[in-house]
Amino acid sequence: MSLKKILSDRQTWAGLGLIVGLSIILGLASHPRLVKRFIAGEFKQTFILKENYPQLVFISLPEAEDAWSRRQAVFLDSRSREDFNRGHIPGAVSVPFEELKMGDEGLLALIPDSPEIVIYCEGGDCQASLSLARILDSRGFRNLRVFLGGWAEWTQSGLPVETNAAE
Amino acid sequence: MLQNKYILLVFRLIVGGVFIWAGVSKIVDPLSFAQDVRSYQLVGQTLSFLTALFLPWVELIAGVWLIAGIYPRASAMLISCLLAFFIILVAITIARGLNVECGCFGTFSRRADIWLIVEDSIWLILSLILLFSPGNDFGLLKKQSNNP
């Protein structure tokens, strides 16, 4: 059957229209609460439902910058080691979530004692910081802060960065 | 194009099955899929949210209909277009040097890499065969045509 014939067939367009139409209806009907929250202005920054993580504190760029400049917090970089070497928040410790997930528990021993732990990843909607924070919480670490803006927000605002030349 | 109905049936089950699985795994958790969409850094928050709300249903319905024979050609066309789009999307993502979760199957996701393009290409070939094969006229809503 030729493409021309398929495209000139009314059945094709009727089918396409029905699939799209039904999807819109079902999409709205299947998650009415999320749709309501979205209309109310939630999820403008991130799609994370913060109420699912009562043990974590989510901080913004100014709060992260403040904690960093007061040197009160240790920063954990949950991105890959390569990303970390290419550039990270000065003083941050590399704890790649992927490596921890693969079973490298030794990484946890690298985390220095600190009154506050700030965890970040790439930013945008990366999940590594959140996942790492949940693991740390389950291992008894407290005062966990997740900086969702992450590396992207940090660099975009022109804050200092540090690189490791040796890979 | 292929005429053997049994081979076409197997193709329908494979492609339809992949899309049903892809759809269902994302419908259960739209927010994490929205995050995956956002991480491709092509669309903003609003479009990511809307994509996450509607696209999984498109995948699910197209998959079910392809197998069930409800508007099978429309379903095959939609699936082919989606796959072509995914392949281009992943290629662009690799070219931009982004390292993202593909978001293909909800929590069972993996990296958007060259192997994903290979995988999607296989589904695309099967789906295009279904789209253009006259033998694929099995349909619940349409009489079997004898002269393709």
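The values are calculated or read from the model by the stated rules, or taken from the named source; none is laboratory data. In this text the structure is predicted, and so the values were computed from the model without any measurement. Counting neighbours? That spans all protein chains shown, and the Cβs are built from the backbone with ideal geometry, glycine included.
Scan B:R96, B:R73, B:R110, B:R12 and give me the residue that is modelled with pLDDT under 85, out of contact with any Asp or Glu (no Cβ under 6 Å at 6 or more places or on another chain) and not small (G, A, S). So that I can check it myself, show each step before the final result.
Numbers: B:R96 fails: modelled with pLDDT under 85; B:R73 fails: modelled with pLDDT under 85; B:R12 fails: modelled with pLDDT under 85.
Among B:R96, B:R73, B:R110, B:R12, only B:R110 is modelled with pLDDT under 85, out of contact with any Asp or Glu (no Cβ under 6 Å at 6 or more places or on another chain) and not small (G, A, S).
Restricting attention to the stretch A:37-70, the residues being without any contact (Cβ under 8 Å) to a residue 12 or more places away in the chain and either within 14 Å of chain B (Cβ to nearest Cβ) or more than 24 Å from A:Q156 (Cα to Cα) (or both) number 13.
Scanning the stretch A:21-36 for residues that are exposed (fewer than 14 other Cβ atoms within 10 Å of the Cβ) and of a type outside the set (A, V, I, L, M) gives A:G21, A:P32, A:R33, A:K36.
Can you confirm whether the stretch B:28-37 contains a residue that is surrounded by fewer than 17 Cβ atoms within 10 Å (Cβ to Cβ), over 19 Å from A:G15 (Cα atoms) and either among the aliphatic types (A, V, I, L, M) or more than 13 Å from chain A (Cβ to nearest Cβ) (or both)? Checked against the condition, which is being surrounded by fewer than 17 Cβ atoms within 10 Å (Cβ to Cβ), over 19 Å from A:G15 (Cα atoms) and either among the aliphatic types (A, V, I, L, M) or more than 13 Å from chain A (Cβ to nearest Cβ) (or both), the stretch B:28-37 yields at least one hit.
Could you tell me which of the residues A:N164, A:N143 is more than 27 Å from B:G103 (Cα to Cα) and outside the structural domain of A:V57 (by TED's automatic domain parsing)? After applying the criteria, what remains is A:N164.
From the list A:L22, A:L7, which residue is modelled with pLDDT of 95 or more and in a helix (DSSP H, G or I)?
Working: A:L7 fails: modelled with pLDDT of 95 or more.
So the residue among A:L22, A:L7 that is modelled with pLDDT of 95 or more and in a helix (DSSP H, G or I) is A:L22.
Looking for something within 30 Å of A:I39 (Cα to Cα) and at pLDDT below 90 - is there at least one such residue anywhere in the stretch B:45-57? Checking the stretch B:45-57: at least one residue is within 30 Å of A:I39 (Cα to Cα) and at pLDDT below 90.
Residues considered: B:A84, B:A62. Of these, the only one that is modelled with pLDDT of 90 or more and at the interface with chain A (Cβ under 10 Å from one of its Cβ atoms) is B:A62.
Residue-by-condition table, conditions (1) closer than 17 Å to B:L131 by Cα; (2) under 11 Å from the mean Cα position of the chain (by Cα):
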position	(1), (2)
B:L50	no, no
B:L53	no, no
B:V64	yes, no
B:G69	yes, no
B:R73	yes, no
B:M77	yes, yes
B:F85	yes, yes
B:I88	no, no
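When A:S80, A:S23 are checked against the criterion of being touching a Leu at 6+ places or on another chain (Cβ under 8 Å), within 14 Å of chain B (Cβ to nearest Cβ) and free of Cβ contacts under 8 Å to residues at least 24 places away in the same chain, A:S23 stands alone in meeting it.
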